[in-house]
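Reading through the structure tokens given below for one structure.
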Amino acid sequence: MLKILFVCTGNICRSPIAEETFRQHVKNRGLQREILCDSAATHNYHIGDLPDVRTRKNANNHGHTLTHKCRKLHGEDFSVFDYIVAMDKYNMENIQSISYRSIGIHQPEETCFLYRKFDKNISLTNIPEVPDPYYGSEADFEEVYQIVSRCGEGFLDFLIEQHRL
């Protein structure tokens, strides 16, 4: 079974919606027995909380219910998860730092990357980030939803091809 971990700063906006939209793509293709996913934070601001109310509202608008409790990325995650997916460069650096402190190595590029790498609407020469909607409007949360949903499709296509699912 492949295990995927989505990571952002607080685990209340981007990573929980990335987790849920990806889970739905996996379910739609009947791959629930082959792929498992979770999400985590690089910081401990909201540990144990539900995702941000605006994230949950946006998810509900698209037929998703978020019940994930926010948690922090920890050293054990690097041996449990096959792929660790960062929402932005800041969190990618934090993931690498936590990895180095926990297990003494940086995560390889083949298994730890920016999620927008799989956004079919961008050029791969300069991979943008999933923007943090925390200080934004409802439109910003909708933009993040649309981005992570597109990335989920592309990422799932990648996993199917790489792992012959």
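Read-outs: derived from the displayed coordinates by stated rules, not from any lab. All figures in this text were calculated on a predicted structure; none of them were measured in a lab. No Cβ is skipped: glycine too gets one built from the backbone with ideal geometry, and neighbour counts run over all protein chains shown.
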Starting from the Cα of Lys89, draw a straight line to each of the lysines and keep only those under 17 Å, dropping any in the same chain fewer than 8 residues away. Lys117
Could you check the simple spin-label distance between Ile160 and Leu2, using points 7 Å along Cα→Cβ, in nm with one decimal? 1.0
Please order Met92, Met1, Met87 by the number of other Cβ within 10 Å, starting at the fewest. Met1, Met92, Met87
Work out from phi, with θ = phi - 60° and the Karplus expression 6.51 cos²θ - 1.76 cosθ + 1.60, the ³J(HN,Hα) of each residue of region 72-86, listed in order in whole Hz, and give x for Gly and Pro. 9, 4, 9, x, 4, 4, 5, 9, 7, 9, 7, 9, 10, 10, 8
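Can you give me the relative contact order of region 25-165 as a percent, contacts being Cα pairs under 8 Å and 6 or more apart?
Averaging sequence separation for qualifying contacts and normalising by length gives 22 percent for region 25-165.
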Whole-angstrom gap from region 94-165 to region 3-81, using each part's C-alpha centre: 12
Within region 137-165, the residues whose backbone N lies under 15 Å from a label point placed 7 Å from the Cα of Arg33 along the Cα-to-Cβ direction are 165
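Full extension from Asn44 to Tyr90: what is 0.36 nm times the residue separation minus their Cα-Cα distance, to one decimal in nm?
15.0 nm
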Taking N as its residue count, the alpha carbon Rg of the chain over 2.2 N^0.38 Å: 0.95
Subtract the Cα-Cα distance of Val80 and Lys57 from 0.36 nm times their separation in residues, and report this length gain in nm to one decimal. 5.2 nm
